[in-house]
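The values are calculated or read from the model by the stated rules, or taken from the named source; none is laboratory data. Since this is a predicted model, take the numbers as computed values, not measurements. FYI the Cβ positions are ideal-geometry reconstructions off the backbone, even for glycines, and counts take in every protein chain you see. Surface areas here come from the heavy atoms of the whole protein model, side chains and all, with no ligands, DNA or RNA. Shrake-Rupley method; radii C 1.70, N 1.55, O 1.52, S 1.80 Å.
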Amino acid sequence: MEILLIAVSILLFGIQSAALKKIEVNSLRENLLTTGASAVIIAAATGIVLLFTRTKIAPVTLGFGVIVGVMFMVTLAVYYFAMQSGPLSYTGFFFSASMLIPAAVGLIFWKEPFTLPVQIGILLFLAAFLCITVFGGERGNKANRAWLPLCFLTWLCNGSLSVLITLHQRFIGDAELSDTIALLFCAFLVMVIIAVVIFLTGKKEVRADNFKMLKRGLVPLTLVALGTGGGNVVVSYLSGRIASSYLFPFVQGGTMVFVTLWAMLVLRERTTFMGKIGIIIGIAAIIVINL
């Protein structure tokens, strides 16, 4: 059952990345508004579930929800700009490689076993980073100077987000699925509030343009909401039941494979020889970690 849920989360996060690539924005304001628009859908869906299950939101869940919501907003913003600054296949690798952060936290602070497969997997991921960022860097016009810093921020923020979600599960103890949904409801409600405040600060004509932009992107925004909300519900639920050093490499690594194949086969993105080698090494790292 747990393996099936991990596979579902990989599919959902893959949909999230593919849909984000389809959303066109021209400024940070539009970026945050599109993020907030997808958050409306997720907050509404999780809120309805909480109403039907009559789940009470614990103070610790509310506190974590605020922090997670802000971090989510930042993570999706930098991830989007990173994808627009360079190739999806490489950017997706950085997003997925953020698994190293919760895995390292689990090993160091939560005393999870540092098995040989995990050790070899981490070394392989470092080799993959070297191939992609140093030897396999873009030589053409597909990536600009901001791409690598944005990829680093994507890696740091997404990894930190995973740590926060796991911390919430550990504070709750034997967390139920309803506790996970409550956390995400609070987080995405915070994102909606931030987006509404940003929307209201614009002039009338700016707000009208923003509304048209959101209307044009309704389909990909809905898919982003499906991938983001569904994927995080599943992973948040599993984070209290599976070791971080295993769960996050499995999920994020699988997402990396999905996004890379999507970029190569569907978007027809070209990658350098060393970039392909780096991706292959990354896939090998996933396999090794899950032995």
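Each Lys and Arg Cβ is given +1 and each Asp and Glu Cβ -1; about its Cα centre, the chain then shows a dipole of about 720 debye.
Extension gain, Ile57 to Trp110, is 16.5 nm, computed as 0.36 nm per intervening residue step minus the present C-alpha separation. The residues of the chain present an accessible area of 47 Å² per residue when probed at 1.4 Å with all protein chains retained.
Accessible area per residue was computed with a 1.4 Å probe on protein heavy atoms; Ile198 scores about 40 Å². Shown are Phe52, Phe248, whose ranking by accessible area with a 1.4 Å probe and every protein chain present, most to least, is Phe52, Phe248. In terms of accessible area, using a 1.4 Å probe and ignoring ligands and nucleic acids, Phe13, Phe273 rank largest first as Phe273, Phe13. When the helices of the chain are scored as -39500 (n - 2.57) per DSSP H run of n ≥ 4 and the total is divided over every residue, the value at 222 nm lands at -27500 deg cm²/dmol.
What number of lysine-lysine pairs in region 146-291 show an alpha-carbon separation below 19 angstrom, given a sequence spacing of 8 or more or placement on distinct chains? List each step's numbers first, then the result.
Numbers: Lys203/Lys212; Lys203/Lys215; Lys204/Lys212; Lys204/Lys215.
So the count works out to 4.
Rolled with a 1.4 Å probe across the full set of protein chains, the surface gives Met264 an accessible area near 60 Å². Normalised Debye scattering of the chain at q = 0.10 Å⁻¹ gives log10 I(q)/I(0) of -0.51, counting only Cα atoms as equal scatterers and leaving out solvent. With the charge dipole of region 1-84 set up from +1 on Lys and Arg Cβ and -1 on Asp and Glu Cβ about the Cα centre, the Cα lying farthest toward the positive end among the listed residues Ile57, Thr75, Ile42 is that of Ile57.
When the solvent-accessible surface of protein heavy atoms is calculated with a 1.4 angstrom probe, in what order do Glu24, Glu2, Glu30 fall, highest first?
The most accessible residue leads, giving Glu24, Glu2, Glu30.
Counting only the Cα atoms, region 66-119 fills a convex hull of 82 Å³ per residue.
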